[in-house]
Amino acid sequence: MHTPRRTGRRALAALLPLALGLAACSSEPSTTGAGDDATDWDALGHDELVERAEAEGEVVVYAFTSRIASIEESFEAEYPGIDVVASDISSSELITRLAAEHAAVSATADVAYVSDAPVVVSELLADGVLLPYVPERVADALPEEHRTPLVANRLSTKVLMYNEEAHPDGPPVSNLWELTEPEWSGKVVLVDPNARGDYLDLATELSLRADEMSAAYEEHAGAPVVLDEGVADAGLQFLKDLYANDAVLVDDTDTVNAAVGATGQSDPPVGFSSSSDRRDNADEGWALQVASGVVPSPGIVFPALLGVTANAAHPAAARLLIDYMMGDETETGGIAYEPFYVAGDYPTRTDVVPPAGAIALDELGAWQIDVEATAERRDDVADFLLTIQ
């Protein structure tokens, strides 16, 4: 059992030599590639899938969350003959690495657990890097939007968070545009959207929801929003005003959470993070709370996707791991789903009940991203953000 951990973002060009070098010392890619495999995986019974996976003896997974360590431990306890080799890396690095290794036809992961759905769909799926696998066992409990183009095992968030110890009566703002006022100068924290895909998706959604951002501005200021020269819509104007108000851009969500959530602060900042990070409040000494009810929306909801790599060296173990990560037949998904069964994450299976203490998804008010629309707009938004930093 081992879980390499890597952080940071690397350019594709920088990764190609690394991928080529790793080919000599890591598991060899499948000689046929999972994409060329004629096996009818949907027709295999569970016992036969386990038998094949145990014969492979190993499964390599790249995951965008540290929670993969818990999966590694419980999966190996359930299937002691299969070693899980897990890497916890950001979705941006994960996508770059998978693309580089696929292009180099070198050793790669068997399973990708990844957010940043717009890039996954427009690049990894379109280029044949990832293949879908929906376990037959749970297919009927998954709405169509969570079965395709890749199976989603949960919905995650990037939403406005505040310190509930300092603000026991609720969020300190009721409208996103308040964050552009002098009172919040230097007191809004987020990960740089040009460094993290899910934050770029959040920025893109603000642009796609320009009409709602415009209406929210008028509600806040009492007059229509006036766009600066070169600014295409109200969502981008909000971002420009937010950056001009000394928004604090950091490298990771732990920094956001510590800045916003640390207890003992009299005047803490607010920030955009994952609402499920509230699960760490007790351990980390945080008082994070999600700013539900903020107009026009506190942020976004997006899927966490599972896919098999086209060159998987362990195609049966890859599918067994995906099956496992979708949870068992109990109403909570059991030990396999336990790392994801926390308030602030939302199960995609209709037969799994929401975790206790969670704000209902329809009450949260977060925008569900449109993957295709986001994929079309996000590069323009990224370019715009570079002009205002």
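Points worth noting:
- The 3J(HN,Hα) values that the Karplus relation (6.51, -1.76, 1.60; θ = phi - 60°) gives for the range 216-225 are, in residue order, 5, 4, 5, 5, 7, 9, x, 8, x, 5 Hz. Gly and Pro appear as x.
- Placing +1 on the Cβ of every Lys and Arg and -1 on the Cβ of every Asp and Glu, with nothing else charged, gives the range 210-361 a dipole about its Cα centre of roughly 340 debye.
- Spin-label model distance (nm) - LEU386 vs ALA195, 7 Å beyond Cα toward Cβ: 1.7
- Residue of GLY57, GLY264, GLY222 that the Gaussian network model of the chain assigns the largest fluctuation, springs spanning Cα pairs under 10 Å: GLY222
- For the chain, the equivalent ellipsoid derived from the Cα gyration tensor has semi-axes of 37, 23, 19 Å, listed largest first.
- Taken along the Cα-to-beta-carbon direction at a fixed 7 Å, the label points for GLU372 and ASP211 span 1.9 nm.
- Dipole check for the chain: with +1 at the C-beta of Lys and Arg, -1 at the C-beta of Asp and Glu, and the Cα centre as origin, the magnitude is about 720 Debye.
- Computed lengthening from ALA38 to ASP252, 0.36 nm per intervening residue step minus Cα-Cα distance: 72.9 nm
- Full extension of the segment from GLU219 to ASN175, taken as 0.36 nm per residue of separation minus the current Cα-Cα distance, would add 15.0 nm.
- Overall shape: rounded for the range 88-134, with the ratio a/c of the largest to smallest alpha carbon gyration tensor axis below 1.5.
- Mean Cα-pair separation over length for the range 239-374, i.e. relative contact order, pairs under 8 Å, 6 or more apart, %: 21
- The alpha carbon gyration tensor of the range 180-222 gives principal lengths a ≥ b ≥ c with a/c of 1.5 or higher and a/b no greater than b/c, which makes the shape oblate.
- Each label point was placed 7 Å from the Cα along the Cα-to-Cβ direction; for GLU145 and VAL353 their separation is 2.5 nm.
- Solvent exposure, largest accessible area first (probe 1.4 Å, DNA, RNA and ligands not counted), of LEU125, LEU305: LEU125, LEU305
- Altogether, the Stokes-Einstein calculation at 4 °C and 1.567 mPa s, with the Kirkwood radius of the range 276-322 over Cα pairs as Rh, returns a diffusion coefficient of 89 µm²/s.
- The residues of the chain expose, per residue, 41 Å² of accessible area to a 1.4 Å probe.
- Sites GLU76 and ASP267, calculated FRET efficiency, Cβ-Cβ separation with R0 45 Å, nearest 0.05: 0.45
- From the alpha carbon centroid of the range 323-387 to that of the range 194-227 is 22 Å.
- For the chain, the 222 nm mean residue ellipticity estimated from helices alone, with every DSSP H stretch of n ≥ 4 adding -39500 (n - 2.57) and the total spread over all residues, rounds to -10500 deg cm²/dmol.
- Ranking PRO224, ALA317, GLY264 by how far each Cα lies toward the positive end of the dipole of the range 198-320 (charges on Cβ) leaves ALA317 at the top.
- Take every Cα pair under 8 Å whose residues are at least 6 apart in sequence, average their separation, divide by the length of the chain, and the relative contact order is 26 percent.
- Surface share of carbon and sulfur [accessible, 1.4 angstrom probe, percent] for the chain: 48
- When the P(r) of the range 188-295 is calculated, the portion above 20 Å amounts to 46% of the C-alpha pairs.
- Extension gain, LEU227 to GLU183: 0.36 nm times the residue separation minus the Cα-Cα distance gives 13.7 nm.
- Largest GNM mean-square fluctuation among ARG378, ARG196, ARG52, using the chain with Cα springs under 10 Å: ARG52.
The values are calculated or read from the model by the stated rules, or taken from the named source; none is laboratory data. On a predicted model such as this, the values are computed, not experimentally measured, just so you know. Don't worry about glycine lacking a Cβ; one is built from the backbone with ideal geometry, like all the others, and counts go over all protein chains shown. Surface areas here come from the heavy atoms of the whole protein model, side chains and all, with no ligands, DNA or RNA. Shrake-Rupley method; radii C 1.70, N 1.55, O 1.52, S 1.80 Å.
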